[in-house]
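Take a look at the structure set out below.
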Amino acid sequence: MEGQPEISLQAQLDYSRRGHAVLRSFLPETLVRRLRSELVPYAASHALSGWRQKVEVQLADGPDERRRKNAPSIADGLGSVEECEAFLEGLGIYPSSGDLPFLQHFNAWRAPDAANVVPTVRGLCLSPYLARSASIFLDAPTVRLYQDSLFHKRAGVDGWTPWHSDARMAPFDTSRMISFWIPLQRIPSPEDGGTGLHFVDGSHSDVALPYWNGADGEEHGRLEDRYGGDDGVGHHMPLELGSVTVHNGWTLHCADAAPEDDGDCEDRYALSITYVDGRAELREGVLSSPPRAGDATTAKDDKEDVWSFRSWVIEVEPRKQFRHPMVPIVWPPNERDVR
C-alpha cells in the first residue's frame, strides 16, 4: 500500500466517542480480492490448526484443572479435524449445530516458515499506510503490530459471535489498541443476512462496567438495556469490497450467526489486523491457567488469542519497554523494526 491515508475528522470523532468507525473504500478492491485468493486456500490448508485452537480454548476455560493446565498438549495430540470435532462434542459443544462462532487463524504475515507466509497479508500488515492510520486513531507516536487474524464463519453452520472485547484476549496492559476489520467479500445489511460486526457505542470508555461488575458479571448479559437498547448498538453494514471498520480494543462487539445455507450463501471470511501503542507493556501471568476449578470463568483475561502470542511472550519481561521481531514497531518510519 502506497500513499497517505485519508482519515476524516468524522471517522476520528466516531472512533473516539463511539469506539468504532467505518472507512469506506479504504482499500483497493483489487487488493482485497488478492487477499481472499491467498487466504481462502491458506485457511483450508491450516484447517487442523484452527480446530485444535478451538479445542484448546474450550479446555482452558473449563472446570477440569488437569485439562486446563494441559490444554495445549491435549489439543496438539488430536490428529484430524474429525478427532477435534468428536472431542468438542464430548465436551458438549456441537460444531455442526452452531455452537462455534467461527474458525480462526493467526499471523499469516509471519508464519513459522517462509513457505506459509501470505505475502499480501504481510505487505498490508507492515505497510506505512495502515501503520500511519493506526497512529492517527490511537493518537500514539509509535505503533506496534500485534497480530493478524483470519475469521472463517461457515455458512449455515457457525453460530453468533458473543459480545466481547479484544483487549481482554491480548497480553498488553493498555487502552490504546485498534483492530482494522477487513471483510473479504461484500457484507450485506443484517436484514439480508450480513454478518458484519455490531458494536456497543461508547463501551470502550465505560470504566464502571468491569469495575463494578467484573469481567463476566451478570450486567454483561443485559448490555442492550445498559446502553439504551437498539439506540446504543451500532453497525456499518452494508460494506462494499474495500470498506473497513475499525474499533478500539475495549469496544464490546459481536456478530450474527451465519445465515441458513439455501444454496446461495457463502462462507464469510474477514481479516482483522491489530495494532497497539508502541509503549504498551506486557501484563504478568498471561500464559498462566487459573489455579482452582471454577476460577476459569471469573478470570479477568480471556485465553482465546493465546495461540497468537505464546511463542514470543516468554521472551519478554513484563512491565518493561521492549522490542521483539514477532511484534515489531511499524511506525514511525525511522523506528521500524522491519523493512
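The values are calculated or read from the model by the stated rules, or taken from the named source; none is laboratory data. The shown structure was predicted, so the numbers you read here are calculated from the model rather than taken from an experiment. In this analysis, Cβ positions are derived from the backbone assuming ideal geometry, glycine residues included, and neighbour counts consider all displayed protein chains. Just the protein is used for accessible areas: all its heavy atoms, side chains included, with ligands, DNA and RNA removed. Shrake-Rupley method; radii C 1.70, N 1.55, O 1.52, S 1.80 Å.
I want to confirm something. Restricting to the range 163-203 and keeping residues that are within 30 Å of Glu317 (Cβ to Cβ), of a type in the set (Ser, Thr, Tyr) and out of contact with any Asp or Glu (no Cβ under 8 Å at 6 or more places or on another chain), which single residue is least open to solvent (accessible area, probe 1.4 Å)?
Quick first cut of the range 163-203, residues within 30 Å of Glu317 (Cβ to Cβ) only: 164-180.
Restricting the remaining residues to those that are of a type in the set (Ser, Thr, Tyr) gives 165, 174-175, 179.
Those left that are additionally out of contact with any Asp or Glu (no Cβ under 8 Å at 6 or more places or on another chain): 165, 175.
On the way: Ser165: 11, Ser175: 85 Å².
Going through the qualifying residues, I end up with Ser165.
Residues Ile314, Ile273: which one is at pLDDT 95 or above and loosely packed, with under 12 Cβ neighbours inside 10 Å? Give the derivation first.
On the way: Ile273 fails: loosely packed, with under 12 Cβ neighbours inside 10 Å.
So the residue among Ile314, Ile273 that is at pLDDT 95 or above and loosely packed, with under 12 Cβ neighbours inside 10 Å is Ile314.
Are there any pairs, at least 6 apart or on different chains, whose C-beta atoms fall under 9 Å, with the first in the range 301-327 and within 16 Å of Ala111 (Cα to Cα) and the second open to solvent by 60 Å² or more (accessible area, probe 1.4 Å) and of a type outside the set (A, V, I, L, M), and if so, which?
From residues that are within 16 Å of Ala111 (Cα to Cα), the pairs are Ser311/Pro112; Trp312/Pro325; His324/Glu315; His324/Asp337; Pro325/Asp337; Met326/Glu315; Val327/Asp337.
Specify which of the listed residues (Arg52, Arg67, Arg24) is open to solvent by 60 Å² or more (accessible area, probe 1.4 Å), among the basic types (Lys, Arg) and over 24 Å from Met177 (Cβ atoms).
On the way: Arg52 fails: open to solvent by 60 Å² or more (accessible area, probe 1.4 Å); Arg24 fails: over 24 Å from Met177 (Cβ atoms).
The conditions single out Arg67.
Residue check, Arg268 against (1) under 29 Å from Gly285 (Cβ atoms); (2) in contact with a Lys or Arg (Cβ under 7 Å, 6 or more places away or on another chain), all met but one. Which one?
Going through the list (1) under 29 Å from Gly285 (Cβ atoms); (2) in contact with a Lys or Arg (Cβ under 7 Å, 6 or more places away or on another chain), Arg268 breaks only (1).
So in the range 196-217, with the set limited to residues that are among the acidic types (Asp, Glu) and modelled with pLDDT of 85 or more, which one is farthest from Pro28 (Cα to Cα)? Show your work before the answer.
Taking the range 196-217 and keeping what is among the acidic types (Asp, Glu), we get 201, 206, 216.
When the remaining residues are screened for being modelled with pLDDT of 85 or more, the result is 201, 206.
Numbers: Asp201: 28, Asp206: 35 Å.
Out of the qualifying residues, it is Asp206.
Working only within the range 224-258, note down all residues that are aliphatic (A, V, I, L, M) and buried (at least 19 other Cβ atoms within 10 Å of the Cβ).
Step one: filter the range 224-258 for residues aliphatic (A, V, I, L, M), giving 233, 237, 239, 241, 244, 246, 252, 255, 257-258.
Selection gives Val233, Met237, Leu239, Leu241, Val244, Val246, Leu252, Ala255, Ala258.
Restricting the search to the range 1-21, which residues are open to solvent by 10 Å² or more (accessible area, probe 1.4 Å) and in a helix (DSSP H, G or I)? Talk me through it step by step, then tell me what you get.
Narrowing the range 1-21 to residues open to solvent by 10 Å² or more (accessible area, probe 1.4 Å): 1-10, 12-18.
Leu9, Gln10, Gln12, Leu13, Asp14, Tyr15, Ser16, Arg17, Arg18 - these are the residues of the range 1-21 that are open to solvent by 10 Å² or more (accessible area, probe 1.4 Å) and in a helix (DSSP H, G or I).
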